[in-house]
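Only one structure is covered here, and it is reproduced in the block below.
Each reported figure results from applying straightforward, stated rules to the coordinates on display, with no laboratory input. Just so we're clear, the structure is a prediction, and the values are computed from it rather than from any experiment. Neighbour counts run over all protein chains shown; Cβ positions are idealised from the backbone, glycine included.
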Amino acid sequence: MTAVLEAPVRMEPAPDRRVRRQKKLAWIARHSIAIAIGIMFVTPVVYLVLLSLMTSDQALTSDYWPNSWHPENYIRVFEVTPLPRYLLNTVVYAVTSTALVLLSSVPAAYALAKLKFRGSNALFLLVICVMMLPPQVVTVPLYLMWARYGLTGSLWPLIIPALFGDAFCIFLLRQFLLTIPTEYLDAARVDGCGEWRTLLRVVLPMARPGIAAAGLFQFFYCWNDYYGPLLYTSENESAWTLSLGLASFHSVHHVDWNLVTAATVLAMAPLIVIFFFAQRAFVQGITLTGFKG
Amino acid sequence: MSAKVRRGLTTFSFLAPALIGIAVFFLYPLGSAVYFSFTKFDLLSVPEWVGLDNYRRMADDPFLLQSIRNTLWMVVVFVPVRIIGAIGLSMLLTQLKRGAGFFRTLFYLPALVPPVAATIAFVYLLKPGTGPVNHFLSMIGIEGPLWFNSPAWAKPSLVLLGLWAIGDLMVIFLAAVLGVPSSLYEAAELDGANAWQRFRSITLPTIRPVVLFAAVTGVIYTLQYFDQAAVAGSIASGQATVGGGISSNFGFPEGSTFTYPLWLYTVGFRYSALGYANALAIGLFVVALAVTLILLRRAKAFSGEES
């Protein structure tokens, strides 16, 4: 701070032309960089969309602008590939899993955030460990467990665990619930509400943004999940999800790159649409997963 | 029933599903994995105790060595490059006076693309013969590499893919950078510090905890890096899946994309060496746990004291 006193001249820089020009140049430079990066970021998606609108012959070439436009590829891909099946499986997996995970995780997150009980710290550490440790560690025993009940080759091994909470979801919801002032809960308790009623009547309405973020993350996770479906459903093609189907499309329909890319675009489109409707909840959720201060 | 017991029961009712979940889908299989790692069996046979055989086998498994090397490469390159990229983008965003919101959304969007779809897109973009990237490079007189089809370039291609999908990390850093008190910057500006000095002496020290957090979670993410490596290998090889959705082309080309979890999966589900796969899993567990403990010890805010 003493340096400020030593250099009082700098406190009011004269707004001469050179400084203004420099500032303007810096402004242009920064925005040019941003635009250049922005173009690099959208190129892959634009390229995919363009490929998906070509004829299958042209899609094999190095062209990136369609000679003729074929939006009907998006209809054909539903007719000549098992895409409808994949899409249905993915929706079933993502929707049921998200609903069940929220149902089972909200109470646990609430208990971890707002109820005092012995071992709550230890339990929270356990939740973090489950969240952090690679899923591959327990893959083989879990697979054997589901195989014993004859449930491999179906979506059940992906959906049933959602009944019992998800570590990441619990973590995220807990972080959010911590931000709700305890006074509200105390007031409800004084009014004679039991814990469950407090949760349903007081906490849930206030926690809506947090629940929305957690639900979005879970939905996106399931929609994108490749490892789970690969592990449990690969033996039965009628249970494949989009991720799994897309990854194997290439061999089955390897000539029709226009159709493969159309399916790829269809796999990402819903997520981008959802994002634009729920951008705020999303960004807030990501920030919650990070550090606080 | 005393009030205390009733309260305990209520708390338990909140936690019961999660407790069952952790026990059945984590602790039990973790215990089984430890036991199985001392046995030998496949999908059709009963586990037979073999002592430390599986762990001895790890010592002379050339593919394991290669997969460890690949995963280490990813930890050393992928994690720092992503962190530097995310900090760079978030700094750029804070410097923009116009359209910061627009660019933030634009830079974030690729993170929404499903990993499998993103990988397919990149394999197409970087196709050695007809891909637009090499086409563009040849126009400016550069002969592009073989990207996903070259053992030397396959992992760097995955890094490019990871840089593209950097949005989540960028948002975390953006929140941190915006949280730096502007009074600090003003003081530094009066001192005559230039942009780089301000970044070095103010921004970086303030966001250090976030950098640590990103480094540790990045390492953990890299330890389980599977989808992109699996899909890139299968699709770049030109013959994605063969029967049962399990590719025979994991690791293509020449094992350069065989990450540790990919090798674990292959050992378990293609070679049905389930005992050995569990030994590999325990190895992964030990390393991941060590990294997690670093995070938990260093990060008070992460374990979440009520503020």
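Determine the sum of side-chain charges near A:T261: Lys and Arg each +1, Asp and Glu each -1, restricted to other residues whose C-beta is under 15 angstrom from that of A:T261. That works out to -2.
Between A:I272 and B:E254, the simple label model (points 7 Å from Cα in the Cβ direction) yields a spacing of 3.7 nm. So if I take the centroid of the Cα atoms in the stretch B:1-59 and the same for the stretch B:143-195, what is the distance between those two points in Å? When both Cα centres are located, 39 Å separates them. Considering only alpha-carbon pairs that sit under 8 angstrom and 6 or more positions apart, the relative contact order computed for chain B is 27 percent.
The tail of the calculated P(r) for chain A beyond 34 Å holds 44 percent of all Cα-Cα pairs. For B:I83, the shell of other residues with beta-carbons less than 13 Å away shows a net charge of +1, using +1 for Lys and Arg and -1 for Asp and Glu. Once the Cβ-Cβ distance of B:L43 and A:Q279 is raised to the sixth power relative to R0 = 45 Å, the FRET efficiency obtained is 0.50. A simple rule links phi to the HN-Hα coupling: the Karplus curve 6.51 cos²θ - 1.76 cosθ + 1.60 with θ = phi - 60°, which for the stretch A:21-26 gives 5, 4, 4, 5, 4, 4 Hz, with x for Gly and Pro.
Among B:T222, A:T264, sorting on how many other beta-carbon atoms sit within 10 Å of each Cβ, with the fewest leading, yields B:T222, A:T264. For the stretch B:61-300, the dipole from Cβ point charges (+1 on Lys and Arg, -1 on Asp and Glu) about the Cα centre works out to 380 debye, to the nearest 20. Each listed q (0.06, 0.08, 0.09, 0.10 Å⁻¹) maps to a log10 I(q)/I(0) for the protein assembly as shown, found by the Debye formula over equal Cα scatterers with no solvent: -0.35, -0.62, -0.78, -0.96. Backbone amide hydrogens, once placed in the peptide plane, bring B:T39 within less than 5 Å of B:V50, excluding anything fewer than 5 places away on its chain. Computed over the stretch A:82-252, the alpha-carbon pair-distance distribution with 10 angstrom bins reads 10, 33, 30, 18, 8, 2, 0, each value a whole percent. Here the Karplus curve 6.51 cos²θ - 1.76 cosθ + 1.60, taken at θ = phi - 60°, turns the phi angles of the stretch B:197-208 into couplings of 5, 4, 5, 5, 9, 10, 4, 4, x, 5, 8, 3 Hz, with x standing for Gly and Pro.
Among A:F117, A:F249, A:F217, which one shows the highest mean-square fluctuation when chain A is modelled as a Gaussian network with alpha-carbon springs under 10 Å? With Cα springs under 10 Å in chain A, the top fluctuation among A:F117, A:F249, A:F217 is at A:F117. Residues whose amide H lies under 5 Å from that of B:G144, counting only those 5 or more places away or on a different chain, are B:S138; hydrogens are built 1.01 Å from N in the peptide plane.
Given the options B:T11, B:T292, B:T257, state which has the largest fluctuation in a GNM of chain B using a 10 Å cut-off (strictly under) for Cα springs. Highest fluctuation of the listed residues: B:T11.
Remind me, relative contact order of chain A in percent, using alpha carbon pairs under 8 angstrom and six or more residues apart?
Working: 276 pairs, mean separation 85.4, N = 293.
Computed value for chain A: 29 percent relative contact order.
Oblate is the label for chain B, because the ratio a/c of its alpha-carbon gyration tensor axes (a ≥ b ≥ c) is 1.5 or higher and a/b is not greater than b/c. Computed over chain B with a Gaussian network model linking Cα atoms closer than 10 Å, the most mobile of B:I22, B:I166, B:I84 is B:I22.
Entry note, the protein assembly as shown: the mean residue ellipticity at 222 nm calculated from DSSP H runs of n ≥ 4, each adding -39500 (n - 2.57), is -20500 deg cm²/dmol after division by the residues and rounding to the nearest 500.
Computed over neighbours whose Cβ is under 12 Å from that of B:A214, the net charge equals +1, Lys and Arg +1, Asp and Glu -1. Taking the inverse of the mean 1/r over every pair of distinct Cα atoms in the stretch A:16-73 gives a Kirkwood hydrodynamic radius of 14.2 Å. Both radii come from the Cα set of the stretch B:43-103: Rg as radius of gyration, Rh as Kirkwood radius; their ratio Rg/Rh reads 1.42. Across the stretch B:168-179, coupling constants 3J(HN,Hα) worked out from phi with the 6.51/-1.76/1.60 Karplus curve, θ = phi - 60°, read 4, 4, 4, 5, 4, 5, 4, 4, 5, 5, 5, x Hz, and Gly and Pro carry x.
Restriction of the trypsin sites (Lys or Arg not before Pro) in the stretch A:111-142 to DSSP coil positions whose beta-carbon has at most 14 other beta-carbons within 10 angstrom yields A:K116, A:R118.
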